[in-house]
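Down below is the structure, laid out as structure tokens.
The values are calculated or read from the model by the stated rules, or taken from the named source; none is laboratory data. The structure presented is a predicted model; accordingly, all values stated were derived computationally and were not measured. Cβ atoms come from the backbone with ideal geometry, glycine included; neighbour counts cover every protein chain shown. Accessible surface areas use protein heavy atoms only, side chains included; no ligands, DNA or RNA. Shrake-Rupley method; radii C 1.70, N 1.55, O 1.52, S 1.80 Å.
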Amino acid sequence: MSGDKQFQLAMEYFQQAYEHQMKGELEEAMALYRLSIATHPTAEAHTFLGWTLSFLDRYEEAIAECHRAIAVDPDFGNPYNDIGAYLIEQGQLEEATDWLQRATRAPRYENRCFPHYNLGRIYERKANWPRAMDCYRSALAENARYKLAHTALRRLEARLN
């Protein structure tokens, strides 16, 4: 099979996996993401496999998939953010900060609001309210409709008044 056909087939598996994931059919999603990767590895398939694993609290495996994604495409921002988010869930705030900062600088990333928001979560947990608010504002500068950042910023503003 030619490289283009393999890539196209991998994308079909990826789309099917995503549809299963959105329905909560995680085992099916994981199998299809793995099939996509076996057909033609992409940073997206590794990242989304990691995301699915995180739904099952399998953070170490999720982080490993994100590292694989970065190896395939170091410019893709999603796995950097996801590693940071998984480390937050594990209480490893210092380690998460570096990954999230890297996500904000990734050349290929459409959702820069996420790492800014996640950095805000870290600073909020550390009771560094001004820095957390700055991060939430940065998230809103990237996506003015990001409700979680709006809510977090309002919560902190109310706390400080």
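Between Gln101 and Leu26, the FRET efficiency from the beta-carbon distance, with R0 = 30 Å, is close to 0.50.
Probe of 1.4 angstrom, ligands and nucleic acids ignored: what's the accessible area per residue over region 11-161, in square angstrom?
Working: 7770 Å² over 151 residues.
Spelled out: the 1.4 Å probe surface of region 11-161, per residue, equals 51 Å².
Values (i) 9, 35, 39, 15, 2, 0; (ii) 10, 40, 37, 11, 2, 0; (iii) 12, 34, 33, 16, 4, 1, 0 are given for comparison; P(r) over Cα pairs in 10 Å bins from 0, in percent, derived from the coordinates here, is the one labelled (iii). Net length available on complete extension from Gln92 to Phe7 is 27.0 nm, with 0.36 nm assigned per residue and the Cα-Cα distance removed. Its alpha carbons give region 89-128 an Rg and a Dmax of 10.3, 31 Å.
Accessible area of region 85-161 with a 1.4 Å probe: how many percent of it is carbon plus sulfur?
On the way: 2050 of 4470 Å².
C and S atoms contribute 46 percent here.
A P(r) calculated from all alpha carbon pairs of region 60-118, with 5 Å bins opening at zero, reads 4, 24, 33, 25, 12, 2 percent.
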